[in-house]
1. Across every pair of different alpha-carbon atoms, what Kirkwood hydrodynamic radius in Å does the range 440-527 reach?
2. What is the sum of charges around R295, taking Lys and Arg as +1, Asp and Glu as -1, for the other residues whose C-beta is under 12 Å from the C-beta of R295?
3. Can you give the accessible area of M80 in Å² (nearest 10), computed on protein heavy atoms with a 1.4 Å probe?
4. Using r as the Cβ-Cβ distance of L209 and T318, and R0 as 51 Å, what FRET efficiency do you calculate, to the nearest 0.05?
5. Can you compute the FRET efficiency between E445 and E581 using 1/(1 + (r/R0)^6), with r the Cβ-Cβ distance and R0 = 60 Å? Round to the nearest 0.05.
6. Could you state how much accessible area R363 has, in square angstrom rounded to the nearest 10, with a 1.4 Å probe and all protein chains kept in place?
7. Add +1 for every Lys or Arg and -1 for every Asp or Glu among the other residues with Cβ under 9 Å from the Cβ of L726, and state the total.
8. So how do M355, M236 rank on accessible area, 1.4 Å probe, biggest first, that is with the largest at the start?
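The values are calculated or read from the model by the stated rules, or taken from the named source; none is laboratory data. Note that the structure is a prediction, hence the values are computed from the model and not measured. Note: ideal-geometry Cβ built from the backbone for every residue, glycine included; neighbour counts use all protein chains shown. Heads up: the accessible areas ignore ligands, DNA and RNA and are worked out on the full protein's heavy atoms, side chains in. Shrake-Rupley method; radii C 1.70, N 1.55, O 1.52, S 1.80 Å.
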Amino acid sequence: PTACCRSLLYIIYSWVFNEFPSFVAEDSRRFISQDTGNLYISKVQPADVGSYICLVKNTVTNARVLSPPTPLTMKTDGVMGEYEPKIEVHFPTSVLAAKGVTVRLECFALGNPVPTITWRKINGNIPKKARLRKSQAVLEIPNIQLEDSGTYECKAENPRGGTAFKGHLQVYTLPQWTRMINDTQMDSGEKLQWECKATGRPRPTYRWLRNGLPLTSQDRIEIVNGELTIHKVQQMDSGMYQCVAENKYGATYSNAELKILASAPVFVPNPIRVIATLGKDVSIECKPRASPKPRITWKRGDRRIQPNKRIMLLRNNTLRIVNSSRADEGSYVCRAENQLGSAELTAILWVKEAMRVELSPTRVEVTVGESVVLSCKATHDTSLDVAFQWFFNQKPINFQQDGGHFEYVQTQSSTVDLMIRNILLKHAGKYGCQAQTSADTVFAEAELLVRGPPGPPGVVIVEEITDTTATLSWTRGLDNHSPISTYNLQARSPFSLGWQTVKTDPVTGDMESAIAVELNPWVEYEFRVVASNAIGTGDPSAPSRAVRTKEAVPSVAPANVSGGNGRRHELVISWEPVSEEFQNGEGFGYIVAFRANGTRGWKEKMVTSADSTTYKYRDETFPPLTPFEVKVGVYNNKGDGPFSKVVIIHSAEGEPRDAPSDVKANSVSSSEIRVTWKPPSPGPGRPRGYEVSYWKDTEQEESGKKQRTVKNETSMVLTGLEGNSLYLITVKGFNSIGQGPASAAVTAKTRKAPPAQPPTNLMWIQDGNNVTLSWDPVKAKDNESDVIGYMVLLKQEGRGHNQVTRTINPSTTLSLPEGGTYTIEVRALSEGGEGAVSSQVRVVTSSGVRAKNNQCSVHCLPQSLTWTALLLVLLVPSASW
């Protein structure tokens, strides 16, 4: 091993090999301990010889420190033989870890061959959350828990032997509260009981503090573990208390303040008004603020109240009057007294007539979508204010949340309405109106019945299944106050577009079973039932379990039987495959039957794949385009099904047999060659098009290019060719079956490229409506086509009028059709095509001003020309316009 300094918190170790940033890669042979910082190499190899530098990084500050280089050399005086493993790095024999942290156990061995490291937990299993890292040299257990405690063993083995190391992992937890103490206020003389509880490993012990000083059992104070009891508390017991739970790894505190109250009796508010309902019970409370608890007495006028059957003094000092009457009205006085003083509370009792509430209508039936109004009227003492609240099934109605259906309407001071709009089935139930005054609370209730479509039927059960029928049963759902008239049975299969109605006998509302008919054999179905009544159709039932109908002989023949094409001597037969929905069972396939037209016996071939769409029959004896009678049938494990109708299909005519004739190729320009040919003789294998192949004489045919005709044309112009190059060209026919033979290759040479030099030194002179132009002749270079003439283009700006003039001379005369602005361009013509364009001549037919940039030609203007007839001509490069 190569040594480095000891590991500290937030420190990461790595090693640099020879030079930065070439780091040592850890594997089964090399290991860097994050506990010791050392680098261990179990079996040194020549590639390990070099200089090693220890790099220590602080992950908090990102600071780095490098050690001095440590050289590693290999001895040359001998060869190290194989030896058994020796564990060089291991975790301590006793590992202590706090609950919730990540524990890393290191184990690495030296040896030759390189040892293999394995881990196990004695008398248990390694936690599933544990991860093996660094070629199993590190066992990492995240979020350690108490159950992860135990003895762990790492074992190093190679072919020479093995060794092991064991260590005990103990998980501890700091104390954590499960019950804490809270601030408390008490009257002097009362009994205080506080209890605190905590969990921890090891189990915590408890002690108590008052105002920071230890508290022990004495006189009125009892302490038993986490329980504190103080008998007959006094003012001196006031203060801050702490319950301390601690074990060897830490402590936790629970704090609370104890206040001992001491005050003379006080009543707030005083006096008070109490309103009672005639004939009902009334309670007058007496709750003074006082400490210690005061002695309470009641009197009416000057007389002390003596309890009897109708007037009672409760334990909480409340005065209760049963079946109150007008005679009970008046003032009542509650006197409270303790050693610190006394106080009196005056209560004035009024007895009012009982309130009555009328809710109408008390029972109403409506249909889904309709609206209804419930009216609530209260009759009460006019001196009292009344407040209303509406309830639905004993719960207050939230008009903001349910405003879409419910509306609160105040019609009079003592009457309110509940408007229910666009009623749904869920609105059926009990509606309550509560009227409340300071003397009384009265509740009235009405019932709302909602008629609507039926609810979903109960569980659908498939009682019996055949190849085309299913017997179903179900339980009735809610009729929602309108009798169920009919049931509709629906089915869904992998081949249907959602749920579809299945055929049954009529299913009336009193029935709870039916038979679905005309199902497809060997298809998996789900069924559901929908009920209807006079209001409408309800929600469907839950789907039944999926069931498959039984197998049957196929009943559907393939459609669109056709064919043709194929190679020579082939009969190709095709059809549309039968959907799995109609295959009716396993082992589905096709029977292909055919016979030559006019013969008696049918040839039948089995096609075992249900997805097949074609069958090819080959016979060298029949000629092309032989007509056959063809039909295609079906079968499965249950038997043979029907055949399709007989159709006539011709055998293939084959690919073209002859090559096109009279192929000719002529150069059109430096980049184009025109190819023509004649079609082969009529007969089987007629071409549907032609393919032209072409390549330069310096190339191989395989590297050439190909072009196909769009239809059955017999000519083509090849474009994009290189100038002054010899090309070889072949033509072959093709159809849907394949390609025919190619014609003999013909040759054609593209012409030289047109001159790259444009006409220059353009000069002009005007005479009336005519403009005479001249220019210097263009001379072709050796690699360019000879000039055979010139093309002059006259364009009128803004009108789209173009005029082209061709001439063999370097001059021409142009006639201007009408007034306006014109541009003139000149190009040389050659066998290789058109040459480069000249500079533009711009001619403006206007009177008055001559263009500033006009340049005078070497020709002089005749004296007889007037300025109003002058043509303004500007010779400029076309890009400047």
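1. Over the range 440-527, the inverse of the mean reciprocal pair distance is 15.2 Å.
2. +1
3. 140 Å²
4. E(calc), rounded to 0.05, equals 0.80.
5. 0.55
6. Here the residue's solvent-accessible area equals roughly 130 Å².
7. Combined, the nearby Lys, Arg, Asp and Glu give +1.
8. Highest to lowest solvent-accessible surface, that is M236, M355.
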